[in-house]
């Protein structure tokens, strides 16, 4: 079960520990690699998620598979997740950790939805305008959705700029639906 509050709390604790040891970037890279291995191996996931497997067996496996390849702070963090029965939150914690590291670096992700593929030139212009507006480094996550008909929708954190034709048509429909029509004789 996903619990994003737990993920944020654990990711924050991991970031604090990694920062204290000066391995923030390394932990991020190792975490991503561990996640890739875990998600790519169904047997490993089943073993780690199984309540029938003893915690020490899980820790031993993690140490034998990842021990020499990841930072000690990350290895001990995984042990903590095993001890607290939070290993199922591993993916969410990793995502939150990456987001916290990006925020610390002044990087913001913007979701951009358009009806057709955005050209490189327009992408660069949009990126530059968003960067100038926020004062941060922007990473565009582009998605094509023909349902928007035209225009662009940008979601940047809690801020949404919706200039799509679909939204404008929907607003026009609502406005016309509320309008009283009078016929003159």
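The values are calculated or read from the model by the stated rules, or taken from the named source; none is laboratory data. Because the structure is predicted, anything quoted here is derived from the model rather than measured. We place every Cβ from the backbone using ideal geometry, glycine too, and count neighbours over all the protein chains shown.
A few notes on this one:
- Reported count of residues in segment 130-142, each being surrounded by 13 or more Cβ atoms within 10 Å (Cβ to Cβ) and within 21 Å of residue 166 (Cα to Cα), is 1.
- Residue that is part of a loop (DSSP other than H, G, I, E, B) and touching a residue at least 24 places away in the same chain (Cβ under 8 Å), where the choices are 70, 78: 70
- Residue match in segment 7-19 (condition: farther than 18 Å from residue 99 by Cα, touching a helix residue (DSSP H, G or I) at 6+ places or on another chain (Cβ under 7 Å), crowded, with 17+ Cβ neighbours inside 10 Å and modelled with pLDDT of 90 or more): no
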